[in-house]
1. Over segment B:3-96, what relative contact order in percent results from Cα pairs under 8 Å that are six or more residues apart?
2. Count, for each residue of A:167-174, the Cβ atoms from other chains sitting within 10 Å of its Cβ, then give me the mean as a whole number.
3. How far apart, in nm, are the 7 Å Cα→Cβ label points at residue A:106 and residue A:89?
4. Could you rank A:45, A:93 by how accessible they are, 1.4 Å probe, largest area first?
5. Mind checking B:18-29 for the average number of partner chain beta-carbons within 10 Å of each residue's beta-carbon?
6. Enter the buried accessible area of the B/A pair, total of both sides, probe 1.4 Å, in Å² rounded to the nearest 100.
7. Where only protein heavy atoms count, and the probe is 1.4 Å, what is the accessible area per residue for segment A:1-136 in Å²?
8. Longer than 20 Å from Cα to Cα, which of A:206/B:33; B:131/B:173; B:131/B:156; B:79/B:156; A:30/B:59; B:12/B:59 are they? Say none if no pair is.
Amino acid sequence: MESIEDLIESLAGDAEPVRPARNPFLTWLKWTGMAAAYVFFALLISGHRNDLAERLHSPIFIAEMASLVFMVCSAALSASLLSFPDLYQRGRIVYLPLLSAACFAVVMMVAWRLDNPPSPLPVHSYQCTLSIALLSLLPMFSIFRSLRKNASTHAGWAGVNAVLYAFGTGAIWLRLEEATNSIAHVLEWHYLPMLLVGIIGLWLGKKLLKW
Amino acid sequence: MKEADLESLMGKALEGDRQSYAELLRETTRFLKPYLSLRLREEHEVDDVLQEILLSIHKARHTYDGNRPYKPWAYAIAKFRLQDHFRFHYGDYLRQAVELSEIEESLAEPVTENAFSYESIRGEIERLPEKQAVILTLIHREGCTAREVAERMGMKESAVKVAAHRAYKLLRKKLEE
């Protein structure tokens with residue numbers, strides 16, 4: 001007990017004024033705003049798909065985009081809460097990305113059934129995954145940098161959400177940029193890689209968010 | 001101490017009030033100690049984990065903003081460090097584990113009977129890890145059986161046999177050098 005008392009004395013001796021971490025809901029707003037701005041500027045540079053106005057009248061395309069945005073937003077919120085040791089005492093919200101992923105899966109199943117006869121496949125394939133991955137590097141770096149400032153007790157899950165947020169941002173951009181209506185293509189090269197990316201996020205989280 | 005008092009102490013600590021911070025850490029120690037004692041067997045383990053938790057609370061104190069109860073925040077850190085401790089402890093235990101097939105033959109043999117005398121290898125035994133040295137000394141100098149050693153050292157009989165087996169392996173290696 002003596003050594004604990006010594007430790008307390010030493011820690012108290014080091015206690016400089018500390019500025020509390022930003023409220024996670026404000027951080028979430030910042031991240032979602034950043035993602036929106038990032039997609040907007042990326043589209044300004046790359047240009048949007050030429051049939052965008054037409055696609056925005058398609059309910060299934062709107063549902064797909066809405067569920068993707070829901071997934072990105074929920075992943076950002078979850079990551080933001082997970083950066084606090086006690087999840088900011090909002091434990092249930094951190095599992096919201098599971099609900100958003102389920103919604104997204106349902107929407108994509110409906111889209112798959114409605115894509116009949118199937119739209120023609122584009123000539124390219126893995127380049128889409130690569131483009132999304134490259135575009136997601138900057139948001140990923142930014143979110144991990146921000147998460148490392150706090151103290152996560154759920155590093156793996158925080159990593160999954162951080163990577164989903166970044167990769168989802170890239171996926172939104174590519175869906176608005178690439179003129180393809182083939183659901184088979186977007187499932188295979190845009191969205192299924194998210195599963196692999198999630199596993200990478202789990203590993204990255206455990207590596208990068210140690211404290 | 002009431003939850004509100006803890007929050008107020010933490011609020012002052014974040015502003016750099018060292019006395020409040022020390023008081024908060026003492027109070028935290030007070031409510032965490034029974035929590036840890038229920039989950040850890042040895043008193044020294046409780047103290048070790050408690051020190052880790054206090055250090056973590058210090059490192060992560062900026063993640064507490066005074067807008068939520070203090071105790072759940074402190075318990076979250078405590079649980080996290082306790083899990084870390086278990087992971088390390090059991091990970092280490094498994095790393096040091098011996099395959100049963102490796103010692104199957106010697107388990108059947110009486111470990112207390114050996115061809116060599118204690119005095120002839122006493123110097124080598126004393127250089128073994130402490131626990132193994134004590135076990136061999138009890139077996140070979142005092143003539144205890146594995147069961148008696150287990151009772152005296154508060155270990156399982158199989159654990160004594162495993163430790164003795166390891167010690168013999170080490171000794172053999174040393175003597176062959």
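The values are calculated or read from the model by the stated rules, or taken from the named source; none is laboratory data. These numbers were taken from a predicted model, which means no experiment stands behind them. All Cβ positions, even for glycine, are placed from backbone atoms using ideal geometry, and neighbour counts span all protein chains on display. Heavy atoms of the whole protein, side chains included, go into the accessibility calculation; ligands, DNA and RNA do not. Shrake-Rupley method; radii C 1.70, N 1.55, O 1.52, S 1.80 Å.
1. Reported relative contact order: 32 percent.
2. 0
3. 3.3
4. The ranking, largest first, comes out as A:45, A:93.
5. Mean partner shielding for this stretch: 4.
6. Details: alone 11840 and 12200 Å², together 21260 Å².
Interface area, both chains combined: 2800 Å², rounded to the nearest 100.
7. On the way: 7650 Å² over 136 residues.
Here the residues of segment A:1-136 average 56 Å² of exposed surface.
8. Details: A:206/B:33 28 Å; B:131/B:173 18 Å; B:131/B:156 14 Å; B:79/B:156 29 Å; A:30/B:59 25 Å; B:12/B:59 16 Å.
With Cα atoms farther than 20 Å apart: A:206/B:33; B:79/B:156; A:30/B:59.
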